[in-house]
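See below for the structure under consideration.
The values are calculated or read from the model by the stated rules, or taken from the named source; none is laboratory data. Small disclaimer: the values here were computed from a predicted structure and weren't measured. Don't worry about glycine lacking a Cβ; one is built from the backbone with ideal geometry, like all the others, and counts go over all protein chains shown.
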Amino acid sequence: MRVLIGSYPWAFDCPGGGERQLCAYYEHLRALGVSVNLFDQWKPEFREHDIFHFFSVMPGSFQLCEHAKKQGLRLVISPNLWVTEETKYWYPHDEIKRLLAIADRVVVNSKLEAESLARVYELPLERFSVVYNGVEDMFLGIADGRDFKSRYGLENQRYLLNVANIETRKNQLRLIDAIKPFPDLKLVVVGLARDEVYRDECFKLAGDQLIFVGELPYGSPLLRSAYAGCEAFVMPSTLETPSIAALEAAATGAKIVITSVGSTTEYFADQAEYVSPDSTQSISEAIDRTLQSAGNSELKNRIGRNFTWRIIANNLREVYKSELDIVGSADAS
């Protein structure tokens, strides 16, 4: 089994959850003994592999994926896309449909995502495989919230945490508006700014209630400390599938406030507060309920049982094996 992993050229210019997923698959599949390489356009080596696993349905991806198929590779695509009949034309519908139509296997992060994509792009549900998102084991360990508070002068300050790139989809502007009734709270945002105009609007509305940390090294003690020290992790995005950062926060023991749009309920069940991303009141009320709740370890335990990358990588390996079994059966006949 030889797997080649690829994505669109600028994916890692401002990496997000999809890129974290790609890296986790790469690392943990290799730990399982699977031969995995990252696609290099200067040395593509298609013929040395059996499977081409492409991440995203970004415009312009069709030709590369089609070429891989012509070289005899099985094509696996991870769309990382939540789309409905109402929102399908927010995206390049025809191009995405054309790309997914040539995939031998579409790997999605939830059953809900599979059903939605199958319906919108008129694909058989049998072509989809659910491989959940996950967290590294380190997030399940004990973290000390005092380290992050000390670094950023928050020793006597309660804060909400949002780990995400600043952009309209992550909905930080509405989140800032929603915390105005809580003047004693700070909002800490960890990430990059994908949209500088939107970032400036957030800064202007928030005033000194916002602390923008910028990017922290993935899995660093300081990031885990940020998760551990927050009053709640808040992700009121316009959609999530389901937010790897939210999974990490939950694994660390943080209380979760998250969008209801996407596949979040399939991961967090009844252990999170869900919000309507277009309603400031919904977000504000969910934050208020969360601040008053005691919290418990049930969600942390759920993450540990079901959503670690070690478990997920093994499930993905089985998907790959099934694709190669199809090839073997065809050759035998």
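All conditions in (1) at pLDDT below 95; (2) under 29 Å from Thr265 (Cα atoms) hold for Gly60, with the sole exception of (2). Counting only strands (runs of 3 or more DSSP E) that fall entirely inside the range 1-91 and contain at least 1 residues that are among the hydroxyl-bearing types (Ser, Thr, Tyr), the qualifying elements are 2-7, 35-38, 74-78.
So in the range 247-298, with the set limited to residues that are hydrophobic (A, V, I, L, M, F, W, C) and farther than 20 Å from Leu112 by Cβ, which one is surrounded by the most Cβ atoms within 10 Å (Cβ to Cβ)? Ranking the qualifying residues of the range 247-298, first place goes to Ala249. For the range 94-105, taking the residues that are touching a residue at least 12 places away in the same chain (Cβ under 8 Å) and in a helix (DSSP H, G or I), the one that is surrounded by the most Cβ atoms within 10 Å (Cβ to Cβ) is identified as Leu99. Taking Gly141 as the residue in question, decide whether it is in contact with a Lys or Arg (Cβ under 9 Å, 6 or more places away or on another chain) and either farther than 27 Å from Phe307 by Cα or crowded, with 16+ Cβ neighbours inside 10 Å (or both). Answer is no for this residue. With respect to (1) of a type in the set (S, T, N, Q); (2) in contact with a Phe, Trp or Tyr (Cβ under 9 Å, 6 or more places away or on another chain); (3) over 30 Å from Glu215 (Cα atoms), the lone exception for Asn133 is condition (3). Here Tyr159 meets the list (1) closer than 21 Å to Ser225 by Cα; (2) free of Cβ contacts under 8 Å to residues at least 12 places away in the same chain almost entirely, failing just condition (2). Considering the range 167-202, the residues that are hydrophobic (A, V, I, L, M, F, W, C) and part of a loop (DSSP other than H, G, I, E, B) include one that is surrounded by the fewest Cβ atoms within 10 Å (Cβ to Cβ), namely Leu192. Regarding Arg47, is this residue more than 19 Å from Ile244 (Cβ to Cβ), modelled with pLDDT of 95 or more, touching a strand residue (DSSP E or B) at 6+ places or on another chain (Cβ under 8 Å) and charged (D, E, K, R)? It is false that Arg47 is more than 19 Å from Ile244 (Cβ to Cβ), modelled with pLDDT of 95 or more, touching a strand residue (DSSP E or B) at 6+ places or on another chain (Cβ under 8 Å) and charged (D, E, K, R).
Residue pairs whose Cβ atoms lie under 6 Å apart, sitting 6 or more positions apart in sequence or on different chains, and linking a residue in the range 170-197 that is within 17 Å of Gln281 (Cα to Cα) to a partner that is assigned to a helix (DSSP H, G or I) and β-branched (Val, Ile, Thr), are Arg174/Thr280; Asp177/Thr280; Ala178/Thr280; Ala178/Ile283.
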